[in-house]
Amino acid sequence: MQIKNIDAMSGFATRAIHGGNETDKETGAIRRPITMANSYELPYDPSDINWSSTGGNLYTRNGGANQVYLQQKLALLHGTEDCVVLATGVAALSGVFFAFLKSGDHAVVLDTTYIAAYRLMHELLPEKYGVKTTLVDASDAKKVRMAIKPDTKLIHIETPANPTIRVCDIREIAKLAHEHGALLSVDNTFASPYNQLPCDYGADLTVESLTKYINGHGDALGGAVLGAKPLIDKIRAEAMVNLGGAISPFNAWLIMRGVVTLPLRMRQHNKNAQKIAEFLESQPQVKFVAYPGLESFKGHNIAKKQMKNGYGGVMAFALNADHDAHNRFVSHLRVITNAVSLGHDESLIVFLGENDERQYLYPEEFHGGFFRFSVGLEDAEDIIADIKQALAKL
């Protein structure tokens, strides 16, 4: 689809600015307006309308104007045939699982996924609907191969993974999935489309939590799934219309606004995080640093191959200290904010203690607790100075 003569051959920044945007025909505004409607005018004879249709503006649960504009922009950024935007990143994940798994099917899932994906695939879908799942360290493609069964219908990974930063070889796992007639879905939230395009490496579906880097301002919730139109149509019909996972017009508009600066922000996130990861790795008080841009990182070579512009802004690290010292370190921070989420303009840190229910799945160095650190857009020197003064107070 071409918008304002912008297509997939245009540069990333050009697509981020112009994708999905046109002059408003009614007012002449050069930005798409917020259409805060939950219903749209019906034709003269609506008797033959399919009330679950997603083909046009009917009812905002079936899709609204701002959602459509955002979908156009994101599909253009990812270079995919289609996109569906949903209310949250978790709505996007559950939409994939609900659409492509049924009772008796088997799925292979990265073991250290985002907690909601872990809960859905390890507990809720198996307990409620009889979906069988195998959790596996998908950073080793051989373990994925061993986990695949004749009834495997879906492989789901994150790369880099939340919160361990594990990196998976998308192309290799896509080959395994397709050899066995399964789909591969990849949660791309930590990378963003600026750094990585999973469908270019063979993934069938790419999932993004729009709440994070794509929005980038910490003020809106949203999720997206991207891929071939037949797959996206299935999610749109089943997860959006019938499960009710539709995004609000205002959130879609906020995220549409946020995407415009995505390439600029990601360059700074990448640059800052690389510098800070290298600094942390040099500190004797630091137990370990997990960041794909470090040559010492286990998955660095894979990340280098498939993350084209940088390694993102999220890392994990721990101190050579006890539980309380980790919390005291955070309490001394003055620039970095103690809060959950990631991809905001400001740096965010959260301490994940040793009582995490998934502790047994984490690499050994993560045992005993660690930080998930989302590096923001502040001056890198100020972030480093903040870490230094907090370490000194221990």
Seminar exercise, completed: Among (1) touching a residue at least 24 places away in the same chain (Cβ under 8 Å); (2) exposed (fewer than 14 other Cβ atoms within 10 Å of the Cβ); (3) of a type outside the set (D, E, K, R); (4) closer than 30 Å to ASP169 by Cβ, PHE317 falls short only on (2)
Exercise. Counting only residues that are charged (D, E, K, R) and surrounded by 15 or more Cβ atoms within 10 Å (Cβ to Cβ), which one in the range 347-364 is farthest from TYR118 (Cα to Cα)?
Worked result: ASP356
For this session: Could you grab the pairs with beta carbons closer than 6 Å, sequence gap of 6+ or different chains, first residue in the range 253-273 and over 13 Å from LYS73 (Cα atoms) and touching a residue at least 60 places away in the same chain (Cβ under 8 Å), second one among the aliphatic types (A, V, I, L, M) and not in a helix (DSSP H, G or I)?
Result: GLN268/LEU377; ASN272/VAL375; ALA273/VAL375
For this session: Just need a number here: residues in the range 142-171 that are within 25 Å of MET266 (Cβ to Cβ) and touching a helix residue (DSSP H, G or I) at 6+ places or on another chain (Cβ under 9 Å).
Result: 13
Seminar exercise, completed: For GLU238, the lone unmet condition from (1) at pLDDT 95 or above; (2) outside the structural domain of SER374 (by TED's automatic domain parsing); (3) of a type in the set (D, E, K, R) is (1)
Exercise. Tell me, which residue of the range 14-33 that is of a type in the set (A, V, I, L, M, F, W, C) and loosely packed, with under 15 Cβ neighbours inside 10 Å is farthest from ASP82 (Cα to Cα)?
Worked result: ALA29
Problem set entry | Matching entry among VAL108, VAL68, VAL85 (being touching a Ser or Thr at 6+ places or on another chain (Cβ under 6 Å), at negative phi and assigned by TED's automatic domain parsing to the domain that holds THR35) | VAL108
Problem set entry | Subset tally (residues that are more than 21 Å from TYR118 (Cα to Cα), of a type in the set (A, V, I, L, M, F, W, C) and outside any loop (DSSP other than H, G, I, E, B)) for the range 365-388 | 5
Seminar exercise, completed: The helices (runs of 4 or more DSSP H) lying wholly within the range 68-181 that contain at least 1 residues that are over 21 Å from the mean Cα position of the chain (by Cα) are 125-129, 141-147, 170-179
Seminar exercise, completed: Reported set for the range 367-377 where residues are closer than 19 Å to VAL340 by Cα and either surrounded by fewer than 16 Cβ atoms within 10 Å (Cβ to Cβ) or over 22 Å from the mean Cα position of the chain (by Cα) (or both) is GLY369
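Every residue, every condition in (1) within 22 Å of ARG358 (Cα to Cα); (2) acidic (Asp, Glu), yes or no:
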{"site": "LYS149", "(1), (2)": "no, no"}
{"site": "GLU158", "(1), (2)": "yes, yes"}
{"site": "CYS168", "(1), (2)": "yes, no"}
{"site": "LEU176", "(1), (2)": "no, no"}
{"site": "THR206", "(1), (2)": "no, no"}
{"site": "THR211", "(1), (2)": "no, no"}
Exercise. Are there any pairs with C-beta distances below 8 angstrom linking a residue in the range 56-80 that is farther than 14 Å from ILE247 by Cα to a residue that is crowded, with 21+ Cβ neighbours inside 10 Å and of a type in the set (Ser, Thr, Tyr), with the two at least 6 apart or on different chains, and if so which?
Worked result: HIS78/THR206; THR80/THR206
Seminar exercise, completed: Looking across the range 99-112 at residues that are hydrophobic (A, V, I, L, M, F, W, C) and over 27 Å from TYR360 (Cα atoms), the single one that is surrounded by the most Cβ atoms within 10 Å (Cβ to Cβ) is ALA99
Problem set entry | Evaluation of ALA325 against (1) outside any loop (DSSP other than H, G, I, E, B); (2) buried (at least 20 other Cβ atoms within 10 Å of the Cβ) (one fails), failing number | (2)
Exercise. Just wondering, is there one or more residues in the range 222-236 that are in contact with a Phe, Trp or Tyr (Cβ under 9 Å, 6 or more places away or on another chain) and more than 30 Å from SER53 (Cα to Cα)?
Worked result: no
Exercise. Before we move on, is LYS305 in contact with a helix residue (DSSP H, G or I) (Cβ under 7 Å, 6 or more places away or on another chain) and of a type in the set (Lys, Arg)?
Worked result: no
Exercise. Is it the case that THR189 is modelled with pLDDT of 95 or more, outside any loop (DSSP other than H, G, I, E, B), under 29 Å from ASP356 (Cα atoms) and not small (Gly, Ala, Ser)?
Worked result: no
Problem set entry | Among the candidates VAL186, VAL207, VAL225, residue that is in contact (Cβ under 8 Å) with a residue 12 or more places away in the chain, under 18 Å from the mean Cα position of the chain (by Cα) and farther than 19 Å from GLY313 by Cβ | VAL225
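The values are calculated or read from the model by the stated rules, or taken from the named source; none is laboratory data. In this text the structure is predicted, and so the values were computed from the model without any measurement. With ideal geometry, Cβ positions are generated from the backbone for all residues, glycine too; neighbour counts draw on all protein chains shown.
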